[in-house]
Structures are given as C-alpha cells and as structure tokens.
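Visitor: Pasting in a structure now, in structure tokens, and then I'll have a few things to ask.
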Amino acid sequence: MAFAASRPYEPYVPNDADTVLAQESSRKLGRLLGKAQNEAVRVQVLSNDGAEPVVTLPAPALGLLLRILGEMAQGNAVTLVPHHAELTTQQAADALNVSRPHFIKLLERGVVPFRRVGTHRRVLFRDVAAYKRHVEAESEAALERLAALSQELRLDDTGDED
C-alpha cells in the first residue's frame, strides 16, 4: 500500500496486467458479495511470503472493493477520497470533469461552498459530491421532460393525411 499512503487522492491508472487481475478478482469476489447480503465476509489472503491471514470485511467494504476492481478492469483511473476530505480547486474540477476556471466561477457564484487557506480555496469533497448529484438529478429531470414532450408530440401526430 505504499502508493496509497505516499500519494493520497492521486488517481491510480492501472496497467494491462492490473486490468486483467482486476477482471479476475472482481468475478471471484462478486460471488462473495452475492452471498454476504450485508453481513461481514471472511477472506483469506495469500501473500508471496506464505502468510495466510484471514480478514473479515464488512459487506459494504467488499462492495467498494468490487467497484474499484470493476473500474480498474475497464482500464479506468481510480481514486479513493474520504467524504470529509478537503480538495484543491484543481482536484475538485477534476472530480467534476470540468475546467478549473469553470469550477472557480461556481465557487464565486456560491454554488459550491469553500474556505480560504491563505490565498487558496479549499472545498470539501462531500460538497463537490453533493453538487455533482444535484447536477445529475437536474440532467435526469430534463431528459425525462424531453422524453415526455417527445411522446406528447408523437401522440398529436396521428399520421393521417387527409
């Protein structure tokens, strides 16, 4: 775990070997999650030096691990961020997949709360996540309105040409 400890919040981009291992691991661990049904799961870990500790994982932790492995299996970069973590504006912009200048405009308009540390802005990950959920909900609602409007327009068009 040296990577995670030395570079927190940095995305890990899996190489080809990691992608293959993640695919295999997620298949095997996925079977455990199906059986767990919100109960703790005992997993035996075999290391290269022969150690075989048994680890008990909460079912939600196994679910998170499976999500991480699923993303890695697709070759996607993965970052694990605690909900209470403070992010730089660049990290927050990256999390939202927007430019840093655009994100700063959101901060200046009061859309996402922030605090200043000297001349720098810091945002809580939970606030960035809440904003992202809000934007996704608005997009979903707009798509539903468009679909309803599309259905309405098709109903009015009977296709009769007299």
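Each reported figure results from applying straightforward, stated rules to the coordinates on display, with no laboratory input. Remember, predicted model here, so these are calculated numbers, not experimental data.
Visitor: Report the far tail of the P(r) of the range 94-142, meaning the percent of Cα-Cα pairs longer than 18 Å. Could you put the intermediate results ahead of the total?
Guide: Details: 339 of 1176 pairs.
So the pairs more than 18 Å apart make up 29 percent of the total in the range 94-142.
Visitor: Grab the alpha carbons of the chain, take their convex hull, and tell me the volume per residue in Å³.
Guide: That works out to 223 Å³ per residue.
Visitor: So what is the 222 nm mean residue ellipticity for the chain from helices alone, if each DSSP H run of at least 4 adds -39500 (n - 2.57) and you divide by all residues, rounding to the nearest 500 deg cm²/dmol?
Guide: Computed mean residue ellipticity for the chain: -18000 deg cm²/dmol.
Visitor: Relative to the longest principal axis of the C-alpha atoms of the chain, give the angle of the C-alpha long axis of helix 125-156, reported between 0 and 90° and rounded to the nearest 10°.
Guide: Helix 125-156 and the main axis of the chain meet at about 40 degrees.
Visitor: Taking only Cα atoms, what is the 0 to 90° angle, nearest 10, from helix 16-36's long axis to the longest principal axis of the chain?
Guide: 90
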